[in-house]
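S.K.: This is the structure, below, for whatever I ask next.
The values are calculated or read from the model by the stated rules, or taken from the named source; none is laboratory data. Owing to the predicted nature of the structure, the values given are computational and were not obtained by experimental measurement. Cβ sites come from the backbone with ideal geometry, for glycine too, and all protein chains shown count toward neighbours. Quick note on the areas: whole protein, heavy atoms, side chains included, nothing else; ligands and nucleic acids left out. Shrake-Rupley method; radii C 1.70, N 1.55, O 1.52, S 1.80 Å.
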Amino acid sequence: MPQGGSYRLLTPAEVAEWLQVSEMTIKNKYRAWGIRPQKVGRLLRFRERDVIAYLESKYG
């Protein structure tokens, strides 16, 4: 498996808890932050590896 996390899908609420922001912030800012979403039907999901890549590019 490539480095940088798994392909596990996270809900906006899980990402918000992880980043310690509100769920609405995730829904409003993911495009500006460059976190690629995955649509599952009408639901918004994020790959764990994409969130880790965002954090590493911005903070580390």
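S.K.: Normalised radius of gyration for the chain, please: alpha carbon Rg relative to 2.2 N^0.38 Å, two decimal places.
M.R.: On the way: Rg = 10.9 Å, N = 60, 2.2 N^0.38 = 10.4 Å.
This ratio for the chain stands at 1.05.
S.K.: Here is a follow-up. Towards the positive end of the charge dipole of the chain, with charges on Cβ (+1 Lys, Arg; -1 Asp, Glu), say which of Leu19, Ser57, Pro37 has the farthest Cα.
M.R.: The residue sitting farthest along the positive end of the dipole is Pro37.
S.K.: If you don't mind, another one. What size of dipole, in debye to the nearest 20, comes out for the chain about its Cα centre when the only charges are +1 on Lys and Arg C-beta atoms and -1 on Asp and Glu C-beta atoms?
M.R.: It comes to approximately 320 debye.
S.K.: If Lys and Arg each add +1 and Asp and Glu each add -1, what is the summed charge of the other residues whose beta carbon sits under 12 Å from the beta carbon of Ile26? The partial results should precede the final answer.
M.R.: Working: positive: Lys27, Lys29, Arg31, Arg45; negative: Glu14, Glu17, Glu23.
Once positives and negatives cancel, what remains is +1.
S.K.: Hey, another quick one. What does the charge add up to near Ser57, with Lys and Arg as +1, Asp and Glu as -1, over the other residues with Cβ less than 14 Å from its Cβ?
M.R.: It works out to a net charge of +1.
S.K.: At a 1.4 Å probe radius, carbon and sulfur cover how many percent of the accessible area of the chain?
M.R.: Carbon with sulfur: 48 percent of the solvent-accessible area.
S.K.: When ranked by the protection proxy of mean other Cβ atoms within 10 Å per residue, highest first, what sequence do the peptides 46-53, 14-21 form? Intermediate values should be presented prior to the final figure.
M.R.: Values: 46-53: 18.6, 14-21: 15.1.
Highest-to-lowest ranking by the protection proxy: 46-53, 14-21.
S.K.: Could you give the length gained by full extension between Leu43 and Val21, i.e. 0.36 nm per residue of separation minus their alpha carbon distance, to one decimal place?
M.R.: Fully extending the segment from Leu43 to Val21 adds 6.0 nm.
S.K.: Next question. May I ask you to derive the relative contact order of the chain, considering only C-alpha pairs under 8 Å and at least 6 residues apart, and to give it as an integer percent?
M.R.: Values: 64 pairs, mean separation 24.8, N = 60.
Once divided by the residue count of the chain, the mean separation gives 41 percent.
S.K.: Grab the other residues whose beta carbon is less than 15 angstrom from that of Glu14, score K and R as +1, D and E as -1, and report the net.
M.R.: +1
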